[in-house]
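The values are calculated or read from the model by the stated rules, or taken from the named source; none is laboratory data. Everything quoted here is computed from the prediction, not taken from an experiment. Neighbour counts are summed over all protein chains in view; Cβ atoms, including those assigned to glycine, are modelled from backbone coordinates with ideal geometry. Ligands, DNA and RNA are stripped out before the accessible areas are found, and what is left, the full protein with its side chains, is counted by its heavy atoms. Shrake-Rupley method; radii C 1.70, N 1.55, O 1.52, S 1.80 Å.
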Amino acid sequence: MKISEIREKSENELKKNLVEMRNKKAKMRFDISAKQVKNHREARKVKKNIARILTVLKSSASSAGKKIA
């Protein structure tokens, strides 16, 4: 997911997407340790997408004067 795609989404969509990505990351961690995943580099992409989403959420919150939990 590109940063431009993330910036187009609403705050609620981003929060929902963040929860999904975190769940996916947790599942992938277990699958990697059990050697059930062939493409372990996918975990890196998920981790970077989580960081991108958090960056956009925090930048929009700081410009709006809100605080993210």
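Does region 37-45 contain at least one residue that is part of a helix (DSSP H, G or I) and of a type in the set (S, T, N, Q)? Within region 37-45, not a single residue is part of a helix (DSSP H, G or I) and of a type in the set (S, T, N, Q). Do we have any residue at all in region 19-39 that's among the polar types (S, T, N, Q), open to solvent by less than 100 Å² (accessible area, probe 1.4 Å) and in contact with an Asp or Glu (Cβ under 7 Å, 6 or more places away or on another chain)? No, every residue in region 19-39 fails to be among the polar types (S, T, N, Q), open to solvent by less than 100 Å² (accessible area, probe 1.4 Å) and in contact with an Asp or Glu (Cβ under 7 Å, 6 or more places away or on another chain). Could you go through region 11-33 and let me know if any residue there is modelled with pLDDT of 95 or more and of a type in the set (Val, Ile, Thr). Yes: one or more hits. With the condition kept exactly as written, say whether any residue in region 40-50 is free of Cβ contacts under 8 Å to residues at least 12 places away in the same chain and open to solvent by less than 90 Å² (accessible area, probe 1.4 Å). Scanning region 40-50, I find no residue that is free of Cβ contacts under 8 Å to residues at least 12 places away in the same chain and open to solvent by less than 90 Å² (accessible area, probe 1.4 Å), so the answer is no.
What is the residue count in region 25-36 for residues that are part of a helix (DSSP H, G or I), free of Cβ contacts under 8 Å to residues at least 12 places away in the same chain and among the hydrophobic types (A, V, I, L, M, F, W, C)? Residues in region 25-36 being part of a helix (DSSP H, G or I), free of Cβ contacts under 8 Å to residues at least 12 places away in the same chain and among the hydrophobic types (A, V, I, L, M, F, W, C): 3 in total.
Residues that are exposed (fewer than 12 other Cβ atoms within 10 Å of the Cβ) and either under 17 Å from residue 64 (Cα atoms) or touching a strand residue (DSSP E or B) at 6+ places or on another chain (Cβ under 7 Å) (or both) within region 1-12 comprise 8, 10, 12, listed in sequence order. All told, residue 58 meets the bar of being among the charged types (D, E, K, R), without any contact (Cβ under 8 Å) to a residue 12 or more places away in the chain and open to solvent by 60 Å² or more (accessible area, probe 1.4 Å).
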